[in-house]
Amino acid sequence: MGNEGIVISIFINDFAQKKKKLNFKEKKQMQFRVLSIVFVVSMMWACTSSKKENKATPQPIGIVIHGGAGTILRKNMTPEKEAAYRKVLAEAVQVGYEILKKGGSSKEAVEKTIHVMEDSPLFNAGKGAVLNSDETIELDASFMNGATLDAGAISGVRTIKNPISAAIQVMENSPHVMLSGKGADVFASEQGLEIVAPEYFFTERRIQALKRVKESEQKKKETTATEQAFLKNQRYGTVGCVALDQNGNLAAGTSTGGMTNKKWNRIGDAPIIGAGTYANNATCAISATGWGEFFIRSVVAHDISALMEYKGLSIQEASRIVIHEKVASLGGDGGIVGIDNQGNIAMEMNTPGMYRAHVDNNGKQTVKIYKDE
Ligand code: ASP
């Protein structure tokens, strides 16, 4: 019995005991008091149960991440390597989900989730990023807020430990949307972000990968299919995250080292708002990964949102069309993760695999690598 029930029963008992001794006027007063109390108690009751009802149907939340798409095949994977990828993906997506569950913003969830992957040497973002042709590392990242359509991006930075945070700072603390090169590094340091020596990002695996790509380039030899797959894979490992928070706000972020052996300060799709990253509360949040040049030309992330907004397509159908028809018909490959404003998700790819994970509104976590999972 709730508090209201206890109050009523005490009062009725009391009333029953006194009832016999009361005169007519006192009885009327007592009746009036009982009716008033019943009225107040029923109002309290109504409020409590409507609150309970709200708790039972809160706004849906959800989060989806990727760690790059490509020729990811079981036969090239060791059990240890696969377990290591699954572990970091699970950890990263859970960090964001816990933030959302506590009522945190989609912005915070995206930022903190991407930090986990940027700090892991497994992915081509932050530590473990791929090398340029001149053996340097240049990082790109972008972020978009679906509630305001504010966005920020950085490209070609060399000293920012967590490039996704720099993209968010550009959005929040500069009058611009995109900063590049040295200026972006200086800006991030002025904002108090963690700055590291360029060597921090280097890993043996990526140094060897650059060597192999260069050797095959020099020899100009006909590479075997396996070698081609290996070389293609050298660009993969970009990370991205999309989230929907309890206030119905969407956010998307993407962070990458770009493509192995890139030259001339090449910039891919990851820091381009509308290509690698897009978020709009009216539709969805998207983060892309793949062969950047094709994703820029197909304006992938915005095109998915536009198909939903102007054609009323679902996020799955819009993503399928853009990845399998538009990007593929140009000869590009890769994938996206997306979430719409109702919490429906898409994890679409035209490659054999994409590192990806999701936590749904009920807290159920899914981690996948291969396309056929
Ligand atoms: N899209 C990235 C780029 O072209 C690479 C990737 O996602 O793997 O820079």
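The values are calculated or read from the model by the stated rules, or taken from the named source; none is laboratory data. Because the structure is a prediction, the values reported are computed rather than measured. Please note: Cβ atoms are built from the backbone with ideal geometry, for glycine as well, and neighbour counts cover all protein chains shown. Note: accessible area is taken over every heavy atom of the protein model, side chains too, but ligands, DNA and RNA are not part of it. Shrake-Rupley method; radii C 1.70, N 1.55, O 1.52, S 1.80 Å.
Is there a residue being modelled with pLDDT of 95 or more, in contact with a helix residue (DSSP H, G or I) (Cβ under 8 Å, 6 or more places away or on another chain) and away from the ligand (no atom under 16 Å from the Cβ) anywhere in segment 250-260? So far as segment 250-260 goes, yes, one or more of its residues are modelled with pLDDT of 95 or more, in contact with a helix residue (DSSP H, G or I) (Cβ under 8 Å, 6 or more places away or on another chain) and away from the ligand (no atom under 16 Å from the Cβ).
Just so you know, in segment 109-141 the residues that are within 11 Å of the ligand (Cβ to nearest atom) and over 20 Å from the mean Cα position of the chain (by Cα) include one that is nearest to Leu193 (Cα to Cα), and it is Glu138. With respect to the conditions (1) within 13 Å of the ligand (Cβ to nearest atom); (2) open to solvent by 10 Å² or more (accessible area, probe 1.4 Å), Tyr278 lacks only one, and its number is (1). Considering every residue within segment 252-272, establish whether at least one is open to solvent by 20 Å² or more (accessible area, probe 1.4 Å) and closer than 26 Å to Asn361 by Cα. Taking every residue of segment 252-272 in turn, none turns out to be open to solvent by 20 Å² or more (accessible area, probe 1.4 Å) and closer than 26 Å to Asn361 by Cα.
Answer with yes or no whether Ala318 is modelled with pLDDT of 95 or more, open to solvent by less than 20 Å² (accessible area, probe 1.4 Å) and either within 9 Å of the ligand (Cβ to nearest atom) or of a type in the set (A, V, I, L, M) (or both). Here the answer is yes, as Ala318 does meet what is asked. Scanning segment 132-145 finds no residues that are part of a helix (DSSP H, G or I), acidic (Asp, Glu) and open to solvent by 30 Å² or more (accessible area, probe 1.4 Å). For segment 331-344, the criterion of being surrounded by 24 or more Cβ atoms within 10 Å (Cβ to Cβ), touching a Phe, Trp or Tyr at 6+ places or on another chain (Cβ under 7 Å) and of a type outside the set (Gly, Ala, Ser) is satisfied by no residue at all. For segment 113-129, the count of residues that are at positive phi and touching a Lys or Arg at 6+ places or on another chain (Cβ under 7 Å) is nonzero. Scanning segment 281-301 for residues that are open to solvent by less than 10 Å² (accessible area, probe 1.4 Å) and part of a loop (DSSP other than H, G, I, E, B) returns a single hit, Thr283. Residue selection: Ile272 satisfies the criterion of being in contact with a strand residue (DSSP E or B) (Cβ under 9 Å, 6 or more places away or on another chain), within 12 Å of the ligand (Cβ to nearest atom) and closer than 26 Å to Leu89 by Cβ.
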